[in-house]
1. Out of the residues in the stretch B:121-147 meeting the condition of being outside any loop (DSSP other than H, G, I, E, B), more than 30 Å from A:His30 (Cβ to Cβ) and of a type outside the set (Ser, Thr, Tyr), tell me which one is modelled with the lowest pLDDT.
2. Of all residues being in a loop (DSSP other than H, G, I, E, B) and within 10 Å of chain A (Cβ to nearest Cβ) in the stretch B:42-90, which is farthest from B:Leu4 (Cα to Cα)? Just the residue, please.
3. Any chance you could count how many residues in the stretch A:114-158 are under 18 Å from A:Val100 (Cβ atoms), touching a Leu at 6+ places or on another chain (Cβ under 6 Å) and either away from chain B (no Cβ under 11 Å) or modelled with pLDDT under 90 (or both)?
4. Consider the stretch A:3-21. How many of its residues are touching a residue at least 12 places away in the same chain (Cβ under 8 Å) and in a loop (DSSP other than H, G, I, E, B)?
5. Determine the pairs where a residue that is of a type in the set (S, T, N, Q), located within the stretch B:119-134, has a partner that is modelled with pLDDT of 85 or more with Cβ atoms under 9 Å apart, the partner being 6 or more residues away or on another chain.
6. Looking at the stretch A:27-46 only, could you name the residues that are farther than 16 Å from B:Leu46 by Cα, surrounded by fewer than 23 Cβ atoms within 10 Å (Cβ to Cβ) and not polar (S, T, N, Q)?
7. Return yes when B:Thr149 is within 13 Å of chain A (Cβ to nearest Cβ) and within 15 Å of the chain's Cα centre (by Cα) and no when it is not.
8. Report whether or not B:Val114 is more than 18 Å from the chain's Cα centre (by Cα), part of a helix (DSSP H, G or I) and either within 22 Å of B:Leu57 (Cα to Cα) or within 14 Å of chain A (Cβ to nearest Cβ) (or both).
Amino acid sequence: MGFLEWLQNTPFGIWVGESLWAYPLFETMHTIGMAMVVGSLGLINLRVLGYKPELPILGTQQLLPLAWIGFTLNLVSGLTLFVSDAEHFWGSYTFRVKMVLIILGGINAALLGRRMFQEALPGAPPVVPTSGAKWIAATSLVFWFGAICAGRLIAYLP
Amino acid sequence: MELLVWLEHTGIANAIRTTPWMYPTFETLHYIGLSLLVGGIMLIDLRVLGFARSLALKSMIGLLPFVWVGFIINATTGTLLFIYGATSFGVNRAFWLKMVFMAIAGANALAFDVAVRRAGSDWVGADRPPPYVKVFATLSFVLWLCVVTAGRWMAYR
């Protein structure tokens, strides 16, 4: 018996799949976490691209806790939903595309954090995003919205 | 019920039923709209409640156009999805609960909007939202989460 088969047959995996409210509950968590991640990171990326220039770029760091809360909600709920039907998800190409997009989005967020936030000294003049930073911001938006689309389409595509 | 049956047999409903990818496309757009709508509202509500103070309250309230774009996307795709499955959505308790939550959330948003306009820019510019505005923000945050929750539950009843 493979690991994935074992996983979905653990008491926890069976409970998530069969309980009347567990699956919708974790799906709801996943949807709320999604809005938190996309809302906060979306605004940071748009700011780097030049939207609402009156917002201090370094100040947008204060949105990161919301992104982390959303990410944690989605990691926990996502793993839970995965466990309930591990073989199906693992075998789904659309699911894999979603995972790749999330990893790319995460790498981009870390790169942008390093460029915009960590290298800025306190009291330094306002940060002006380089074209490199703008590329990272633009591709991040594509990755996160792509992840939403892929996630929704797991139910329809192989 | 007759109305629901009629809706489900309109040309639009038939087009959604017979065109491949129509339903998943609207559903996906509904999620993108949800991210703009709920993501934007959460940022505004949390800012009113004191989160991310380095970002001016006035600029954050200025995110409302995103919320409106999200709302229009979701009202449109939501209506289309409803027409497609009118006879099942129309008798779905979670769907009506979602509509009730949306109506209350909408009334609350209207009250918030009136409070912003009536203030001129007094508390907005000074970044001192009065307590009753914080109540609106808290209610808004909770109500929109209820809308999402009821919406998700429509698939399960």
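1. Start the filter on the stretch B:121-147 by keeping residues that are outside any loop (DSSP other than H, G, I, E, B), which leaves B:122-126, B:131-147.
Then drop every residue that is not more than 30 Å from A:His30 (Cβ to Cβ), which leaves B:122-126, B:131-133.
From the residues that got through so far, the ones that are of a type outside the set (Ser, Thr, Tyr) too are B:122-126, B:131, B:133.
On the way: B:Asp122: 78, B:Trp123: 82, B:Val124: 84, B:Gly125: 81, B:Ala126: 81, B:Pro131: 89, B:Val133: 90.
Checked the stretch B:121-147; the qualifying residue modelled with the lowest pLDDT is B:Asp122.
2. At the first step, the residues of the stretch B:42-90 found to be in a loop (DSSP other than H, G, I, E, B) are B:49-56, B:62-63, B:85, B:90.
Still in the list and also within 10 Å of chain A (Cβ to nearest Cβ): B:51-56, B:62-63.
Values: B:Phe51: 44, B:Ala52: 46, B:Arg53: 48, B:Ser54: 50, B:Leu55: 47, B:Ala56: 47, B:Gly62: 39, B:Leu63: 37 Å.
Selected residue: B:Ser54.
3. Of the residues in that region, 2 qualify.
4. 1
5. B:Ser121/B:Lys58
6. Residues satisfying the conditions are A:Glu27, A:Met29, A:His30, A:Leu46.
7. Working: within 13 Å of chain A (Cβ to nearest Cβ): yes; within 15 Å of the chain's Cα centre (by Cα): yes.
Criteria met by B:Thr149.
8. On the way: more than 18 Å from the chain's Cα centre (by Cα): yes; part of a helix (DSSP H, G or I): yes; either within 22 Å of B:Leu57 (Cα to Cα) or within 14 Å of chain A (Cβ to nearest Cβ) (or both): yes.
It is true that B:Val114 is more than 18 Å from the chain's Cα centre (by Cα), part of a helix (DSSP H, G or I) and either within 22 Å of B:Leu57 (Cα to Cα) or within 14 Å of chain A (Cβ to nearest Cβ) (or both).
The values are calculated or read from the model by the stated rules, or taken from the named source; none is laboratory data. Note that the structure is a prediction, hence the values are computed from the model and not measured. Please note: Cβ atoms are built from the backbone with ideal geometry, for glycine as well, and neighbour counts cover all protein chains shown.
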